[in-house]
1. Can you give the FRET efficiency for Thr336 and Arg166, using 1/(1 + (r/R0)^6), R0 = 25 Å, r = Cβ-Cβ distance, to the nearest 0.05?
2. Compute, for the stretch 151-223, the length of the dipole vector about the Cα centre, with Cβ point charges of +1 (Lys, Arg) and -1 (Asp, Glu) only. Units Debye, rounded to 20.
3. What is the list of residues in the stretch 47-62 whose amide nitrogen lies under 14 Å from a point 7 angstrom out from the Cα of Lys39, following Cα to Cβ?
4. Near the amide H of Ile47, under 5 Å away, which other amide H atoms are found, from residues 5 or more places off or on another chain, if H is placed in the peptide plane?
5. Tell me, what is the FRET efficiency for Thr215 and Asp69 to the nearest 0.05, using R0 = 60 angstrom and their Cβ-Cβ distance as r?
6. So what is Rg over Rh here for the stretch 151-223, counting just Cα atoms and using Kirkwood for Rh?
7. Could you sort the peptides 32-43, 144-155 by per-residue average Cβ neighbour count (10 Å cutoff), highest mean leading?
8. If R0 is 45 Å, what FRET efficiency do you get for Arg373 and Val142 from their C-beta distance, rounded to 0.05?
Amino acid sequence: MSIAAKFRTINQQIVASQALAAQKCQANTTKTEAARVIKSACPALHITRGRYQALDLLLGATRSGDWVDDREPIATLSNAYLANALACSERTVSRLLKGLVEAGILAYRDSPTGRRFRSKNGQEVYGLSFAPARQRLDELRVLAQEHRAKLASDRAAKRAVEQALRSLEDLRIQAENGGVDFTRIEADALAIKDMAADRATKAEALSILLEGAWTEVDQALHKGQKMSWSGDKTDTHLHPTNPETHVSSSERTCANAQDIRNSSNIASGNEMALEKEPCGGGSSEQEQIPLSRDERGKTSVSGINFQLVRTALCQTRPNFNIELDRWSDLLMAADTIRAGIGLSPSAYRLGAANHGDHVAALCAAIIAEKFLRGANISSPGGYFRGMMAAAERGELRLDKTLFGLINSSCAMN
């Protein structure tokens, strides 16, 4: 044992690193690739900031040619040099290096005098060897990937918990406005939030609670004949009037379209009003919707003529100062409408991901239209999520909602 080594406390981790360094290296790599893998594995190995800074200096001090064949990459930087570079004491440097050895990245290659150096002919090199890290390169790569996956999963679970809590808060506001007791559900949500469990477990529990809460509150509001998102099925809160008194000659529909609008087949969605060209010019072909974007959910807008949408959104267009001539115009204005009604970006993105951009944009526009007409929508976020839940069950009838808006009292230009 060398003079320098006999004062060093040896433990099991140091012995394991020394054993790895004594093995013949089989893995060929480059200095750049090795540095990338080793540094990416540092969070998984719980490498502190000081150790990471020392590691960075030592990696830079190795020679590129020492990472190939049977050569050994060794850094010969002294403790005094590292202490000066890291602005700390040499004792601190010794502790940092010991931590890197115990982590299985470095191994001691001590000279008889304890000094680190490289001979002029390069035959003798003493210092800190990266042989353990080179032997474990594949293992370190897997550790880094698993750590990144764990972080991504934890972030996703955190977002799911926050989203569920926001949804429950929206539902609580809607329940209180409708006179529904929300105390028990709120207590359950707080208990789940404070329980000693990982975020994934909390997210799953909150999701189950939210699903049951939606059903319970909706049933209570429905019994009390309070307005909720279930109104999209019938739109009973709107009072039908004769739309002909408000429609100009350029937008008044033909007699055939009027017959379709009053027929009993409206609910089936097979025949739509305004399917034919409007009388008096201004004809436009129905824009085709790419079904692949909207077939993700059970609700689709593929059978809805956009002229019907444009006519129904008679208050949204002037108030938001937008032109709606085709579906692409609605998609471009979706973010403006979403922000205008106070709908969170995360709730909108979730709805678009589950049911398609067209369905989400149209639902947001419908909420804006109803709000501008004075409808009692206390929580646009809760209303939107309710529409998405109805769409998931196949109960959201956007065609009937649009007809209800057209038949309601609305000053149409």
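Laboratory data are not the source of any read-out in this text; all were calculated from the coordinates shown. Just so we're clear, the structure is a prediction, and the values are computed from it rather than from any experiment. Positions of Cβ are backbone-derived with ideal geometry, glycine not excepted, and every protein chain shown enters the neighbour counts.
1. On the way: r = 22 Å, r/R0 = 0.86.
For Thr336 and Arg166, the calculated efficiency is 0.70.
2. Working: 10 positive and 14 negative charges, 48 e Å.
It works out to roughly 240 debye.
3. The answer is 52-62, whose backbone nitrogens lie closer than 14 Å to the label point.
4. Result for Ile47 returns nothing.
5. Values: r = 68 Å, r/R0 = 1.13.
Approximately 0.35, to the nearest 0.05.
6. Working: Rg = 12.9 Å, Rh = 12.6 Å.
Rounded to two decimals, Rg over Rh is 1.02.
7. Details: 32-43: 18.0, 144-155: 12.9.
With the highest mean Cβ count within 10 Å placed first, the list reads 32-43, 144-155.
8. Details: r = 59 Å, r/R0 = 1.30.
The formula returns an efficiency of 0.15 here.
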